[in-house]
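Below you'll find the structure, written out as structure tokens, and then a few comments.
The values are calculated or read from the model by the stated rules, or taken from the named source; none is laboratory data. Owing to the predicted nature of the structure, the values given are computational and were not obtained by experimental measurement. Please note: Cβ atoms are built from the backbone with ideal geometry, for glycine as well, and neighbour counts cover all protein chains shown.
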Amino acid sequence: MKNKEHIDHTLNHLFRQESGKMVSVLIRIFGAENIELAEDVVQDALVKAIETWKYKGVPDNPKAWLYRTAKNRAIDVIRRNKYSKVIDFSDPEKQLLVSEYTLMEAMNNYWKEQQIKDDFLGMMYACCHPNISQENQITFILKSLCGFSTKEIAKSFLSSNDTISKRLYRTKEYFRKHKVRPVIPTVEEIITRTKTVLSTIYLMFNEGYNSTHSALLIRKDLISQAMFLCKSLLSEERTQLPEVYALMGLMSFHTARIDSRITPEGTLVLLSEQDRTKWDKQLIQLGEQYLNKAAFGNTISTYHLEAAIAYQHCKAKQYEDTNWKVILEYYDLLLKIKDDPIVFLNRCLVVLQLNGPQEALSDLESISGNKVVEKYYLYHAILGGIYQKSGENAKAVISYKRAIELTQSNHEKLFLTHKIACVLN
């Protein structure tokens, strides 16, 4: 049983980390019109690993074993389709695959370490093409680059298998129609295109950190994959941009605190009540290193400021030591860059800590009547908290109930219900 668990764990971790790299290489070999063929080859390699390792045990270098198996399977596909029109061999890059004299050497070149890394990064940029909707980007990344099944993605976002399949189909059709290849953008394009990639990675991370589409509040699988994708950008000199380091720092600070965010029973824990001994000090130090490395260039991104705010929370030994004045300055800078209602709402919480409920309420009332803002559960949850601090319990209960109506998270519903109970008792 333990051996089976070891094999399952090794394969699951390996497949999450390596399947996207193999798919990216195979799409370069087979062409964007054959994405399903690339995915099938990777799936075949996984199945063969399950069947072989069950009897022979996990090999010394499981990644190399999996790559070699996928490569050999790809060679079989090339030989079988040499005279068909499934694969376009007219591409000069692929002509060496047609002849048996050059097939092996050409195939080996595709599977060199640097080429694999380039193809994977190129595939990340291809998945985040600005003409592909963000929900389709995330869906396709989870399927092709992170090894998630259609069923797993559907479960993650409370969607049907059919809905996810349609998203994947539309994205693959875009790839086919435009013959998208896994290529890292030019130096001129890389900054603009990287913003889109980072936005998608951060959305994935946020869904893992505070899931709105799952029975689980925290999805460690999504957090892990988001951080893996960001690290992949940092592994290539061309994409070692300040905002990439800043996002990596931000995610490190947030991830360091996840074990203190919920009780064993699954109840949300406020930052002020979290057990800071559970915070991952090593990950906080790593986040600080990433943030320091982000301090170059002429611009400050939203990730820089959000990471700086998160760091202030992480460095405070206890809640009372939090430097709210510095955090407020960061929020003011953030609002100048990003006029975002969520940023404004979080700033109100800082004002509440620094200057009390009346000033926080005054700030919040300045955006009351905004139909977009009033659809956020967070607006009503914060309003309820301010009313509660002011002793206006009836108004607090009304706001908390409205927040419950607007959130999809069962954890947040339970938390807000508890808040109402505290107000009424």
Only unsatisfied item for R170, checking (1) surrounded by fewer than 18 Cβ atoms within 10 Å (Cβ to Cβ); (2) closer than 27 Å to M248 by Cβ; (3) modelled with pLDDT of 85 or more, is (2)
Those residues of the range 191-204 which are closer than 16 Å to P242 by Cβ, surrounded by fewer than 17 Cβ atoms within 10 Å (Cβ to Cβ) and not polar (S, T, N, Q) amount to I191, K195
Subset of the range 66-91, residues assigned to a loop (DSSP other than H, G, I, E, B) and of a type in the set (S, T, N, Q), comes to N81, S84, S90
Inset, instruction - Would you confirm whether any residue within the range 313-336 is part of a helix (DSSP H, G or I) and touching a residue at least 60 places away in the same chain (Cβ under 8 Å)? - result: yes
Filtering the range 364-404 for residues that are without any contact (Cβ under 8 Å) to a residue 12 or more places away in the chain, in a helix (DSSP H, G or I) and either among the acidic types (D, E) or within 19 Å of N346 (Cβ to Cβ) (or both) leaves a count of 2
Look at L247 and say whether it is closer than 24 Å to K281 by Cβ, touching a Leu at 6+ places or on another chain (Cβ under 7 Å) and either part of a loop (DSSP other than H, G, I, E, B) or not basic (K, R) (or both). yes
By residue number, the members of the range 263-283 that are of a type in the set (A, V, I, L, M) and closer than 14 Å to K315 by Cβ are L271, L283
Scanning the range 98-122 for residues that are more than 32 Å from the chain's Cα centre (by Cα) and of a type in the set (S, T, Y), the one nearest to R193 (Cα to Cα) turns out to be T102
When every residue in the range 250-293 that is in a helix (DSSP H, G or I) and acidic (D, E) is compared, the one surrounded by the fewest Cβ atoms within 10 Å (Cβ to Cβ) is E273
- request: Output yes when any residue across the range 206-213 is among the acidic types (D, E) and without any contact (Cβ under 8 Å) to a residue 24 or more places away in the chain, and no when none is.
  value: no
Over the range 382-403, the set of residues farther than 17 Å from V372 by Cα and surrounded by fewer than 20 Cβ atoms within 10 Å (Cβ to Cβ) is K389, S390, G391, E392, N393, A394, K395, V397, I398, K401
Taking first residues from the range 56-85 that are at positive phi and second residues anywhere that are surrounded by fewer than 15 Cβ atoms within 10 Å (Cβ to Cβ), the pairs with Cβ under 9 Å that are 6 or more apart or on different chains are G57/N3; G57/H6
The condition from (1) in contact with a Lys or Arg (Cβ under 9 Å, 6 or more places away or on another chain); (2) more than 15 Å from L250 (Cβ to Cβ) that I382 misses is numbered (1)
Cβ pairs under 7 Å, 6+ apart or interchain, first in the range 15-44 and within 17 Å of L233 (Cα to Cα), second among the basic types (K, R), ordered by first then second residue, are E18/K63
- request: Report yes if some residue within the range 342-363 is among the acidic types (D, E), surrounded by fewer than 17 Cβ atoms within 10 Å (Cβ to Cβ), out of contact with any strand residue (DSSP E or B) (no Cβ under 6 Å at 6 or more places or on another chain) and not in a helix (DSSP H, G or I); otherwise report no.
  value: no
The residue that is farthest from Y174 (Cα to Cα), considering only those in the range 25-65 that are assigned to a helix (DSSP H, G or I) and among the polar types (S, T, N, Q), is T52
By my count, helices (runs of 4 or more DSSP H) wholly in the range 113-222 with at least 1 residues that are acidic (D, E) and closer than 23 Å to I29 by Cα are 113-127, 161-178
